[in-house]
Every structure is written in structure tokens, then in C-alpha cells.
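**Q** Please see the structure below; I have some questions.
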Amino acid sequence: MAKPITQFICSACGATHKKWSGRCEACGEWNCIAEEAPLSAGPGKAALGAAKGRRIGLSDLRTQETPPPRRTSGMAEFDRVLGGGLVPASATLVGGDPGIGKSTLLLQAAASFARAGAKVIYVSGEEATAQVRMRAQRLGLADSAVMLAAETNLRDILTTLEAEAPDLAIIDSIQTMWLDTVEAAPGSVSQVRASAHELTTFAKRRGVSVMLVGHVTKEGQIAGPRVVEHMVDTVLYFEGERGHQFRILRSVKNRFGPADEIGVFEMTGAGLAEVANPSALFLSDRDAPAPGAVVFAGMEGTRPVLVEIQALVAPSTLSQPRRAVVGWDGGRLSMILAVLEARAGISFAGLDVYLNIAGGLRISEPAADLAVAAALLSAREDTALPRDGVVFGELSLSGALRPVSQAENRLKEAAKLGFSTAIAPAGCKFGAASGVTVQEMADLPKFVGEVFGAG
Ligand code: TYD
Ligand code: MG
């Protein structure tokens with residue numbers, strides 16, 4: 001038998017290393033590498049030999065199989081992020097920072113699925129059943145038909161799930177589960193991986209939908225949810241800024257639906273409330289037109305969302321002026337500043353630049369480039385843009401504006417919220433008249449000239 005070799009595994013991203021080091025080269029995280037025995041030493045060196053394996057059955061793509069229907073919970077935001085409901089026999093990972101509201105969300109979802117007629121088991125490895133019940137009371141779900149258990153031994157949990165055959169099993173959290181076949185502490189990369197593997201194979205074999213909660217961790221001893229992302233069908237992250245009551249459920253991987261879909265919730269005293277119209281929420285406290293504030297007509301998955309982008313530009317006392325960003329990519333801000341300087345002759349040297357996406361939303365769309373540039377210019381020139389206008393467009397390094405997708409949906413959302421003008425790249429598919437007058441721009445110099453005068 002091959003001798004098991006110890007290896008060093010990054011608890012943040014799961015990369016394996018030959019030796020220990022302070023920083024993981026794969027993900028750049030510090031202090032996250034720990035020594036662990038591998039799951040198995042792998043097959044021995046010997047060739048497969050003459051002993052044959054079992055012949056597996058093959059089928060073709062034409063075979064008609066009606067897929068089992070998706071299960072909807074009735075929580076519209078939750079169902080949409082799943083791609084239109086829960087797929088039977090699927091494994092879903094719900095990741096997020098500790099305390100962000102994962103247990104609250106899943107308990108509410110469990111109750112909704114139960115109300116819709118599904119048999120739901122909620123296994124908590126972190127809280128006692130009495131604590132879960134107390135939370136349910138607070139959420140007004142005390143009379144829900146969800147079955148509870150507090151357990152961390154996966155062998156017992158799987159035996160129970162097999163006997164009960166529920167439609168949905170929720171495991172809160174994967175980091176507390178342990179398998180007696182793996183010699184490692186609960187929360188270690190090997191335990192988390194092995195537990196997730198057992199649960200996902202169980203889901204496929206028995207046709208049970210399984211949802212796993214995973215805490216995003218900072219310390220090295222506990223494995224993060226990223227180490228099991230590749231095993232599950234759907235990966236959702238529950239995010240939000242501390243201090244904001246908004247929580248966003250985002251799908252980053254979905255084998256059965258679109259990724260990048262978001263659901264917006266608000267944390268209230270009685271649990272999470274769905275926010276059906278997030279644009280209204282993200283724009284809620286706008287009053288007089290302010291320099292540096294620009295409304296961006298963005299898309300989050302299939303849904304248009306309007307958000308305010310705020311910039312502040314102030315003389316700097318530092319030799320290297322400050323560039324601070326909240327909710328957007330810092331590298332992309334540097335790029336926009338460089339394009340403004342090189343293509344429009346507008347320099348931010350000697351100026352501190354602060355950029356903030358209002359409401360605690362994180363934007364990753366390149367279509368926000370033009371809105372960011374507009375906010376920066378508006379702050380620098382101390383000129384407010386018209387209050388009734390939205391901006392979108394991707395900026396290329398040459399200073400040209402590139403058309404973006406779904407322009408029509410962006411305009412429709414803007415019209416719905418009472419905006420009447422838009423600045424957008426030329427060549428977008430704007431579609432039928434939506435009641436918004438579009439000012440089409442070919443490049444950045446034209447935009448600067450038309451909106452801010454000669455600059
Ligand atoms: P929780 O679901 O326990 O977080 P996680 O499982 O992600 O660790 O949520 C914890 C936070 O949510 C806690 O700080 C309090 C807040 N909360 C409310 O504001 N209202 C509520 O009704 C509930 C149940 C929790
Ligand atoms: Mg929890």
C-alpha cells in the first residue's frame with residue numbers, strides 16, 4: 001500500500017502545496033495553509049492489469065426524459081436566484097460571512113417550501129433545536145411543518161435522511177459536519193470536502209435536494225466554502241455591508257439557470273423581508289441634484305437595477321493621493337482615471353478620489369465605466385448632472401465607448417422610476433420608444449465636451 005503523504009492545503013481556496021508557507025500562492029491569502037493528511041493517497045502505481053471493471057450503460061442525447069418539475073417556495077426573490085425554483089436531486093451551497101443571515105434566510109426558505117407542500121428537514125450543527133425553534137418563533141414560523149435536528153455526525157444524518165426521504169434537506173453548516181472515516185477535525189479541508197462529497201452524492205442518488213451553508217472564514221484552521229464550490233450544482237453567496245440592512249443573495253454558479261442573478265432582502269426585526277423593487281430602494285434618499293452623484297442603469301443578472309454612484313474629489317496633502325473605492329473594483333477606477341487623463345486631458349494628479357456605490361451594492365459590470373467617469377468629472381468640476389438622467393456605457397482604453405447589452409431593459413427600468421433622459425454609447429440596441437430621450441455618445445472626448453462644456 002502506498003504510504004500516505006502529508007500535504008499542505010489552503011483553507012481559503014483549497015489549493016495544495018508541497019510545503020508550508022505564510023501566504024497561499026494560489027489565492028494570495030495569508031496564514032491560511034495547514035498541514036493535512038490527504039483524503040486518500042490515490043491509486044497505487046501498479047497498472048490496472050487484466051482485471052476488468054464493470055461495463056457501464058451508455059445512452060444518447062436524444063433520449064427523451066421529462067425533467068422533474070422545479071419546486072418553488074413562494075419567496076420570489078429566492079426562487080429567481082435559484083433559476084426559477086429548486087431542482088430535485090441538486091446540491092446548493094449558500095456561502096456568506098458569519099452573522100450575515102444565512103441561517104435566518106434558510107429557515108425562512110425551509111418554512112416557505114414546507115408551506116408549498118415539500119417535506120423539509122433542517123439539520124443544524126451549530127444551534128440546539130431549542131435555539132432554532134426560538135428563532136422560528138421570532139420569525140413567526142413556529143407552526144411550520146419543517147422537521148428539525150441538531151446533529152453533526154454525518155453518518156447518522158445520512159441514515160436519517162435516507163429513512164425519512166425528504167424533498168429538501170438543509171445542512172447548517174458544512175463546517176460543523178464530520179465523517180468518522182476521515183481522520184481530521186471538523187472544519188478542516190478534508191472533512192469539509194468529504195462531507196460535501198457524501199451529501200452531494202446522496203442528493204443525486206436519492207433525488208433529495210440538499211442545501212449546504214458555508215461560512216466564509218478568515219482564519220486558517222477552518223475551510224471556506226470555496227473548497228466545495230466545484231462539487232455542487234449551484235453556488236449562492238449571501239452578502240451585504242455591515243451597517244446596511246440590505247442583503248443580496250447572488251448566484252455565482254448555477255448548472256440549472258443563469259449565474260449573476262440577485263435577490264434583494266432587507267433584514268428587519270422579524271427576519272428577512274423581500275425587496276421586490278431594489279432600484280427604488282437604492283435610490284431612495286435622493287433630493288437636490290448633487291455634484292458627484294450619477295445614477296447608473298445597471299443589470300444584475302436578468303434584472304435591471306438603478307444605483308447611485310457617488311464620487312468625491314478633493315485636493316490631497318499626500319505625495320501619493322488617495323484612491324478609495326467601496327462597492328467597485330479599485331483597479332478599474334485607476335483605469336478610468338488613466339483614460340480620462342490620456343484621452344480627455346483631464347488630470348486627477350494631486351487630488352484624492354473617493355468612489356462609493358450607494359446602498360451597499362457591489363457592481364462588477366464594465367457598463368458602469370461611463371457612469372463612474374461621469375461621477376468623477378461631475379465631482380471634479382463641481383457640476384451636477386441633470387437629476388432626471390441615467391448613464392451607462394463601457395469605456396475602452398482608446399477612449400471609445402462600447403455598446404452594452406440589454407440597453408432596452410435598462411431604459412425601461414429608468415422610465416419606470418421616472419427618469420426621462422439617458423446618456424449611452426452609440427450603437428446599443430435601444431429598442432422601441434420607452435419614454436426616455438437617449439443622448440448617444442461615440443467616445444469620451446465627445447461626452448466630456450457635450451456634458452461638461454469644453455472641460
Ligand atoms: P444568522 O442567520 O444567525 O446569521 P448566519 O447564519 O449567517 O451566521 O443571522 C444573525 C444576524 O441576523 C444577527 O446579527 C441578528 C440578525 N437578525 C435580525 O436582525 N432579525 C431577525 O429576525 C433575526 C432572526 C436575525
Ligand atoms: Mg448560522
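The values are calculated or read from the model by the stated rules, or taken from the named source; none is laboratory data. These numbers come from a predicted model, not from an experiment. Cβ sites come from the backbone with ideal geometry, for glycine too, and all protein chains shown count toward neighbours.
**Q** Which of the residues that make up region 110-126 are without any contact (Cβ under 8 Å) to a residue 40 or more places away in the chain and either more than 25 Å from the chain's Cα centre (by Cα) or more than 16 Å from ligand 1 (Cβ to nearest atom) (or both)?
**A** Within region 110-126, Ala114, Gly117 meet the criteria.
**Q** For region 7-21, how many residues meet the condition of being under 24 Å from the mean Cα position of the chain (by Cα) and assigned to a loop (DSSP other than H, G, I, E, B)?
**A** Of the residues in that region, 5 qualify.
**Q** Would you mind finding the one in Arg155, Arg133, Arg138 that is at pLDDT below 95, away from ligand 2 (no atom under 13 Å from the Cβ) and closer than 24 Å to Pro225 by Cα?
**A** Going through Arg155, Arg133, Arg138 in turn, the sole match is Arg155.
**Q** Now for a different question. Being in contact with a Gly (Cβ under 6 Å, 6 or more places away or on another chain), crowded, with 18+ Cβ neighbours inside 10 Å and either in contact (Cβ under 8 Å) with a residue 40 or more places away in the chain or among the polar types (S, T, N, Q) (or both) is true for just one of Thr104, Thr92. Which residue is that?
**A** Thr104
**Q** Given the criterion away from ligand 2 (no atom under 16 Å from the Cβ) and modelled with pLDDT under 90, identify the matching residue among Ala12, Ala76.
**A** Among Ala12, Ala76, only Ala12 is away from ligand 2 (no atom under 16 Å from the Cβ) and modelled with pLDDT under 90.
**Q** Another question, if that's okay. Please report, ordered by residue number, the strands (runs of 3 or more DSSP E) entirely within region 210-283 with at least 2 residues that are more than 30 Å from Glu164 (Cβ to Cβ) and more than 16 Å from ligand 2 (Cβ to nearest atom).
**A** The strands (runs of 3 or more DSSP E) meeting that bar are 246-254, 262-268.
**Q** In region 167-209, which residues are part of a helix (DSSP H, G or I) and either within 15 Å of ligand 1 (Cβ to nearest atom) or β-branched (Val, Ile, Thr) (or both)?
**A** Ile174, Gln175, Thr176, Val189, Val192, Thr200, Thr201
**Q** Taking region 212-236, which residues are surrounded by fewer than 22 Cβ atoms within 10 Å (Cβ to Cβ), touching a helix residue (DSSP H, G or I) at 6+ places or on another chain (Cβ under 9 Å) and of a type outside the set (A, V, I, L, M)?
**A** Result: Thr217, Asp233.
**Q** For residues that are surrounded by fewer than 16 Cβ atoms within 10 Å (Cβ to Cβ), in contact with a helix residue (DSSP H, G or I) (Cβ under 7 Å, 6 or more places away or on another chain) and under 18 Å from Pro403 (Cα atoms), tally how many sit in region 428-437.
**A** 2
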